[in-house]
Amino acid sequence: HTRNRRYTWRARGRKQQARMRTRTMETPSSSSPSSLLFIFLYLLLLLVVSPVSGVYIPPPPSGPVYFLETFTFPNWTDTWVQSHNPNITGTFVRSTPTPPKGIFNDFGLVTSTPNAPYAIAAPISPPIIVPKDKWLVLQYEVHIQRNLKCGGGYIKLLPEIEDLSQFSSTSPYLIMFGPDKCGESSKLHFIMRYKNRLSGEWTEHHLLSRPMIRLAKDDKKPHLYTLVIRPDNTYTIEIDMREAKTGSLLQDMDPPFTPPKMLDDPTDERPSSWDDREEVPDTTATRPDWWDDSHEQYVL
């Protein structure tokens, strides 16, 4: 089973915008009557003041979810905690995309200061416990609004952290997923951290062949990134709902989750009497009594 209590968003580099969504098994949710009333009135106001065809209203999830965030409502700060770690200097703000304008009310988190590290986190309650017959799906949207020279925007699933306001790049995590660009290289990272049940040691496992992505200067469109992990230890990565890579967690990660059948012993040494000859003559060997040398060596 996979346990998780935190859903996080980290970004570095120039302005970006993201909407996030995770989906797995059905999870009971609780909302106070005042919160439901606020959401209802907010949606009603949008329909009154704006044309129906031009307003973004979050669609209902196609399946049960653990966590869903579209940043449509201004009370998003009730859920999300900005990091105040000394190594995190950027602050996320809620905003609509810069020109070209999109659909009205289409909000997201925007990195307001160029070339600064950002971190923000939200608790998931109850914690994620994925049944053995269910899939774990992480899905979120990233919108690069300016030329990105070097940076990335990752989503992380965290174990329980006592103080989310101190979340940073060094905080422990279970899964890291998202795009990264530096120079001409643009890749989609997928990293899993695993705790050995016997030794208690944590190890990082990186996807060997990461999908290449297009983060060009003229690409101002939002992109949807999806990670699917199945109970049979297979995975699928999608970009804009198109499969970018699929495979086995047991074969495609470095280092592998399962050790090889043969392990090299670094302390092993050859004995002093070791002989490198492939064949060694037997000095005690003799021909049997019935040996006959009267015939040719080869008989055709």
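The values are calculated or read from the model by the stated rules, or taken from the named source; none is laboratory data. None of these values were measured; they are calculated from a predicted model. Every residue, glycine among them, receives a Cβ derived from its backbone with ideal geometry; neighbour counts consider all protein chains shown. Only protein heavy atoms, including side chains, enter the accessible area calculation; ligands, DNA and RNA are left aside. Shrake-Rupley method; radii C 1.70, N 1.55, O 1.52, S 1.80 Å.
In summary, the aspartates and glutamates within cross-link reach of residue 134, defined as a Cα separation below 12 angstrom excluding same-chain residues under 8 places away, comprise 26, 232. Across segment 119-223, the relative contact order, built from alpha-carbon pairs under 8 Å that are at least six residues apart, equals 28 percent.
In this rough spin-label picture, where each label sits 7 Å from Cα along the Cβ direction, the residue 279-residue 221 distance is 6.8 nm. Expressed as a whole percent, the accessible surface of segment 146-204 that belongs to carbon and sulfur atoms is 47, based on a 1.4 Å probe. Positive end of the dipole of segment 121-252 (Cβ unit charges, origin at the Cα centre): among 179, 234, 249, the Cα lying farthest that way belongs to 179.
Only alpha carbons enter this Debye calculation for segment 56-98, each as an equal point scatterer, and the log10 of I(q)/I(0) it gives at q = 0.28 Å⁻¹ is -1.14. As a fraction of the 1.4 Å probe accessible area of segment 205-300, surface on carbon and sulfur atoms comes out at 51 percent. Solvent-accessible surface of protein heavy atoms, probed at 1.4 angstrom with all chains present, puts 180, 264, 293 in the order 264, 293, 180, largest first.
Dipole orientation for segment 46-189: of the candidates 118, 71, 104, 104 has the Cα lying most toward the positive pole (charges on Cβ; Lys, Arg +1; Asp, Glu -1). Averaged over residues, the count of other Cβ atoms within 10 Å places the peptides 151-164, 73-86, 189-202 in the sequence 151-164, 73-86, 189-202, highest first.
Taking each residue as 0.36 nm, the span from residue 79 to residue 185 lengthens on full extension beyond its C-alpha to C-alpha distance by 34.7 nm. With R₀ fixed at 25 Å, the C-beta to C-beta distance from residue 169 to residue 93 puts the FRET efficiency at about 0.75. With R₀ fixed at 22 Å, the C-beta to C-beta distance from residue 195 to residue 246 puts the FRET efficiency at about 0.30.
Annotation: per residue accessible area for segment 199-300 equals 86 Å², rounded to a whole number [probe 1.4 Å, protein chains only].
Here residue 181 is the anchor, and the aspartates and glutamates within straight C-alpha reach of less than 17 Å, apart from those fewer than 8 places off in the same chain, are 141, 218, 219.
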